[in-house]
1. Whole number please: convex hull volume per residue of the Cα set in the chain, in Å³?
2. Quick check on the chain: helices-only [θ] at 222 nm, where DSSP H runs of length 4 and up contribute -39,500 (n - 2.57) each and the sum goes over total residues. Nearest 500, please.
3. Here is the link list: K439/K474; K137/K357; K195/K344; K474/K499. Which ones come out longer than 23 Å on Cα distance?
4. Around S122, under 13 Å between beta carbons, what's the net of Lys plus Arg minus Asp minus Glu among the other residues?
5. Put +1 on the Cβ of each Lys and Arg and -1 on the Cβ of each Asp and Glu in the range 6-136; which of L96, G47, N65 then has its Cα farthest toward the positive end of the dipole?
6. Quick one: Cα centre-to-centre distance for the range 225-288 and the range 84-156, in angstrom?
7. Which of the three applies to the range 146-186, rounded, prolate or oblate, going by the alpha-carbon gyration tensor with a ≥ b ≥ c and a/c under 1.5 meaning rounded?
8. Can you tell me the dipole magnitude for the chain around its Cα centre, using point charges on the Cβ only (Lys, Arg +1; Asp, Glu -1), in Debye to the nearest 20?
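Just so it is clear, none of the values below were taken in a lab; they were calculated from the coordinates. Since this is a predicted model, take the numbers as computed values, not measurements. Every residue, glycine among them, receives a Cβ derived from its backbone with ideal geometry; neighbour counts consider all protein chains shown.
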Amino acid sequence: MQAPDSTRRRRLGVLTRGSLAGGIEAKLDAERPIESVRAGTFCVVEGATLDFFALITDLEIDAANEGILLHPPGPDDDLLRRVLQSASATYAKASLRPQLVLDRQRPDADPQTVKTIPSHFSNVGEATEEDVARVFKSEATDPSRYFEVGDPVGMEGVPVCLDLQRFVERSNAVFGKTGTGKSFLTRLLLAGAMKAGRGVALVFDMHGEYGSGRRNEEGAFAPGLADVFGSQVQVFTLDPATMRQRNQSFDAAIELYADQIEPADILPLQKTLDLNRTAAESAELMRRTYKSRWLATLIDASGERLKEIADEIGANENSLLALRRKLSRFTRHEFFHTDRMDGKEDRIEQIFEALDKGKSVVLDFGRYRTREVYLLVANVLARRLRQIYEEKVNRYEASQKAEDEPRQLLVVVEEAHHFLSPEVAGETPFGKIAREMRKFYVSLLIVDQRPSGIDEEVLSQIGTKFVAQLSDEKDIAAALVGTPGASGLRQILASLDSKQQVLLLGHAVPMPITLRTRTWDMDLAKTLREGMPGGEVVGSAHEMQASLTELF
C-alpha cells in the first residue's frame with residue numbers, strides 16, 4: 001500500500017506541546033475557525049518519519065496576552081473583535097490523544113502502539129479516506145473478516161470496518177440511553193457476523209425487534225434478521241397468538257415446563273420477585289428431595305401438604321409459603337406448565353439443534369415482556385447452553401476432528417444489568433458465560449442503557465464496545481472501564497448526537513473512533529442479502545420487497 005499524500009489532508013494546525021502520558025496539543029491555524037472542528041475528529045500528526053493517528057479529545061480558546069481577556073471588546077466593537085480574532089493575539093487549541101503510529105517508509109506495515117511523540121511544529125491534518133483504510137482496512141481486502149459499520153464523524157462515505165475475527169473472540173457491548181438506536185446497531189453487527197460466516201446468534205428479543213421487521217419512529221421499515229437471512233434465522237416465541245396477530249411468521253412456540261427449571265434459575269429474580277434471603281436455600285432443599293419435580297410440587301402444594309413438605313425437607317414453612325406464592329405467578333402465563341414433561345417436545349432442545357445446524361435463533365417474548373419472565377426464561381436457556389457448549393468443546397479437544405469443532409455463538413442479551421449486576425453476576429449462567437465461556441466458543445453481546453448496573457469484573461471482560469450517548473456520569477465511567485486514556489474519551493462521549501453516533505473502541509478495532517453508524521434499512525438489507533458464505537444466495541431483493549409489501 002502506498003503512503004497517502006500528506007498534501008491531501010485538510011490542515012488543522014501545528015503541534016506546540018505535549019507528553020506521551022498526557023497527550024499532545026496543537027495550535028489551530030487562524031484560517032480554521034474553531035467551530036469547524038469537533039471533539040472526536042480523526043486526525044494525523046505528521047512527524048519527521050512517523051505518522052501519528054490521533055483523536056481530538058478537547059478544544060480550547062486562549063489569548064497571548066491576559067490583558068485582552070481582562071478588557072475584551074464590547075458588544076458594539078465589531079472591528080476590534082475581528083482584528084483580535086484574525087491576529088495572533090487570540091488563538092484556538094486542540095488536545096489530541098495519539099492512538100497508533102505508522103512508519104512512512106513502511107506503508108504496508110500495520111500501525112503500531114504509540115511509544116513516542118512527534119516533535120514541535122509537526123503538521124496536524126484531518127485524516128483522509130486513505131488514512132482510514134490504512135488503520136481500519138476495508139471489506140474489499142477480506143470480506144470474510146472485515147465488515148463496514150459506519151463512517152467517521154465528519155467524513156461521510158468513508159467506511160470504517162470492524163475486524164469480525166477479533167469481534168467474535170470475546171464478549172462485546174452496545175451501550176447507550178433509550179432511543180439512541182442500540183437495537184438497530186445490534187442487528188447490523190449480527191448481520192455482519194452471520195453474512196461472513198463468523199458465527200451464529202442466539203437473541204433474547206424482549207421487544208420483538210430482531211426476528212421480523214417493524215416500522216421505526218420515522219415510519220420507515222426496519223427489517224428483522226429473518227427478513228434479511230430467511231431460513232438461516234429461526235424465530236421461536238413464547239407468544240404465538242401475538243405473532244399471528246402481527247401477521248409475523250415463526251418456527252416454533254416455546255413451552256416451558258417446571259421440570260426444566262433449577263433453583264439457580266430463580267436466583268436473579270430475588271430482587272424482581274422480592275424473594276427473601278432464605279428463598280434460594282428453600283429452593284435447593286426442595287430440589288434435593290423432589291429432583292426435577294421440585295417446582296411443580298411446590299406450586300401444587302397448599303395447606304397441610306405444604307406443612308408436610310416443610311417438615312420433610314427441614315425448611316421454614318413461612319419461607320416455603322412465600323416462595324410458593326412468588327413463583328406461582330408464572331402459572332398465569334400460557335407457555336408455563338407444571339404437568340410432567342415426559343413424552344412432550346423439548347422446544348429448548350430444538351433451539352440448540354437449530355444452532356447446531358448453523359442457524360441463528362431469535363427468541364421473541366411477545367406480550368410477555370415482564371422482567372420476571374425475561375429473567376427466568378433467559379437463565380434456563382443460558383444454563384443449558386453452558387452445559388452443552390462445555391460438552392462440545394470437551395468432545396472436540398478429545399477428537400481433534402474439524403467436524404467436532406463448535407460454531408462460534410454470540411448470545412445477545414438486552415437489559416443485561418438484570419443478569420450481570422454485582423449481586424448476582426457471580427452466580428448466574430450469564431455471569432459465568434461472560435467470565436469463562438470464551439474458550440468454549442461462546443461470547444455475549446450485551447445491550448444495555450445502564451452499564452453502571454453491570455458488575456465491574458464483567459465489564460473488564462468486554463472486548464469491543466459501541467458506546468452511544470449516555471447522560472449519567474456513573475454510566476459513562478462504567479462504559480469506559482479498563483480503557484486507556486478514558487478521561488479524554490469522556491469528552492468525546494459528551495459530544496455525541498442522540499442518534500446513530502457511537503464511540504467504537506476495543507479488541508476488534510485498532511484504535512477508538514467516533515462513528516456515524518450505517519443505517520439499518522431496506523437498502524442495507526438488500527445489500528446483505530445479495531450473497532452468503534459459500535456463494536449461497538438467500539433470495540432476491542425483489543422477492544423480499546414483495547413479501548414485505550404483502551405484510552404491510
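1. On the way: hull volume 110.8 nm³, N = 552.
Considering the Cα atoms of the chain, their hull volume per residue is 201 Å³.
2. Numbers: 20 runs with 184 residues, N = 552.
Helix-only estimate at 222 nm: -9500 deg cm²/dmol.
3. Details: K439/K474 31 Å; K137/K357 31 Å; K195/K344 35 Å; K474/K499 21 Å.
With Cα atoms farther than 23 Å apart: K439/K474; K137/K357; K195/K344.
4. Working: positive: R9, R11, R17, K27, R104; negative: E25, E46, D51.
With Lys, Arg at +1 and Asp, Glu at -1, the neighbours total +2.
5. Toward the positive end, the furthest listed residue is G47.
6. Rounded to whole Å, the Cα centres lie 47 Å apart.
7. Values: a/c = 2.63, a/b = 1.02, b/c = 2.57.
Oblate, since a/c reaches 1.5 and b/c is not below a/b.
8. Values: 70 positive and 83 negative charges, 68 e Å.
Using Cβ point charges on Lys, Arg, Asp and Glu, the chain gives about 320 debye.
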